[in-house]
Amino acid sequence: MKRILLLFILIPIFSFSQEYSFRILPIYLMPTTDIVILGSCLAIERSISENQSFEINLNPTFIMGDESEAFNFNSSVGYKLFSEKNFFISSRMRISAVFSGIDYWEQTYEEWSPEFNDYIIEDGWRKETFLTIGPEFVIGKRFYYTKQQKGFFDLGFGVSYNKTIYSEIINTRIISYPNGQTDITKEYSHEDLIYFWPNFTFQFGYTFRK
């Protein structure tokens, strides 16, 4: 079903365009003190005129840490305007989906119980789901490295503003007793967050002309 929807989006873009481009950054790695971010970027552009284009951007990201992990999928649709010297301004609408899981404790928590004359084991985790939407603006420059101006890379900086339109937070707590009994409790909650984050663009691309 997703492939069919993607075809309905892409066929009109390519059918009436005299020029279209692909941009990609296959894999990027951002290690920090506590987490490692592994992501990829893919974009498709369709020219509207000599200095205007319509673009679709896809950006899946994995975030891995000692006590947490998350998957973030960003997609945006926008309009890009170029100057004579290949500087550009990109105005987009961005939708982001975030799925994350966080362990409460790095190790299992044990508490002595006089009633059972043994330890009660307590563990748990937190799962978060967020769907956000908002505008994104990027300013940058396109550098061609072939004489026919087909091979290029884009370099740019921008900012995104996203507001939560859906959220679900599930806190799961598991208590295991020495007699084999297990109590599982789940608490559901919601959060409305506003995200501001910088955007750095570095993608290689190629232009196809009819």
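If only residues of segment 76-111 that are modelled with pLDDT under 75 and of a type outside the set (D, E, K, R) are counted, the one that is surrounded by the fewest Cβ atoms within 10 Å (Cβ to Cβ) is Q107. For beta carbons closer than 8 Å, sequence separation of 6+ or different chains, a first residue in segment 189-210 that is touching a residue at least 12 places away in the same chain (Cβ under 8 Å) and over 23 Å from I133 (Cα atoms) and a second that is hydroxyl-bearing (S, T, Y) and assigned to a strand (DSSP E or B), the qualifying pairs are G205/S21; Y206/S21; T207/Y20; T207/S21; F208/Y20; F208/S21. Yes or no: G124 at pLDDT below 90, over 30 Å from T207 (Cβ atoms), in a strand (DSSP E or B) and within 19 Å of the chain's Cα centre (by Cα)? When the stated conditions are applied, G124 does not pass them. Residues of segment 197-210 that are modelled with pLDDT under 80 and within 25 Å of the chain's Cα centre (by Cα): W197 alone. If you go through segment 1-36 and pick out every residue that is in a strand (DSSP E or B), closer than 17 Å to V77 by Cα and at pLDDT below 80, you end up with 0.
Entry remark, segment 165-188: residues being of a type in the set (S, T, Y), more than 30 Å from G134 (Cα to Cα) and free of Cβ contacts under 8 Å to residues at least 40 places away in the same chain number 2 in total. When restricted to residues that are of a type in the set (S, T, N, Q) and either free of Cβ contacts under 8 Å to residues at least 12 places away in the same chain or in contact with a Pro (Cβ under 7 Å, 6 or more places away or on another chain) (or both), segment 34-75 contains 2.
Hey, could you check segment 168-189 for residues that are more than 23 Å from S68 (Cβ to Cβ) and not charged (D, E, K, R) and say which is surrounded by the most Cβ atoms within 10 Å (Cβ to Cβ)?
So, considering only residues that are more than 23 Å from S68 (Cβ to Cβ) and not charged (D, E, K, R), the one surrounded by the most Cβ atoms within 10 Å (Cβ to Cβ) is Y177.
With the condition kept exactly as written, say whether any residue in segment 123-131 is over 25 Å from G39 (Cα atoms) and free of Cβ contacts under 8 Å to residues at least 60 places away in the same chain. There is at least one residue in segment 123-131 that is over 25 Å from G39 (Cα atoms) and free of Cβ contacts under 8 Å to residues at least 60 places away in the same chain. Restricting segment 127-158 to residues that are within 18 Å of E55 (Cα to Cα) and among the β-branched types (V, I, T) leaves a set whose member that is nearest to the chain's Cα centre (by Cα) is I133. Looking across segment 159-188, just one residue is touching a Gly at 6+ places or on another chain (Cβ under 8 Å) and either of a type in the set (G, A, S) or at pLDDT below 75 (or both), and that is S160. Look through segment 166-196, keep the residues that are of a type outside the set (S, T, N, Q) and not in a strand (DSSP E or B), and return whichever of them is nearest to the chain's Cα centre (by Cα). So, considering only residues that are of a type outside the set (S, T, N, Q) and not in a strand (DSSP E or B), the one nearest to the chain's Cα centre (by Cα) is L193. Of all the numbered requirements in (1) more than 26 Å from F152 (Cα to Cα); (2) over 14 Å from the mean Cα position of the chain (by Cα), G78 misses one, and that requirement is (1).
The values are calculated or read from the model by the stated rules, or taken from the named source; none is laboratory data. In this text the structure is predicted, and so the values were computed from the model without any measurement. A quick note on method: Cβ atoms are made from the backbone with ideal geometry, for glycine too, and the neighbour counts reach across all protein chains shown.
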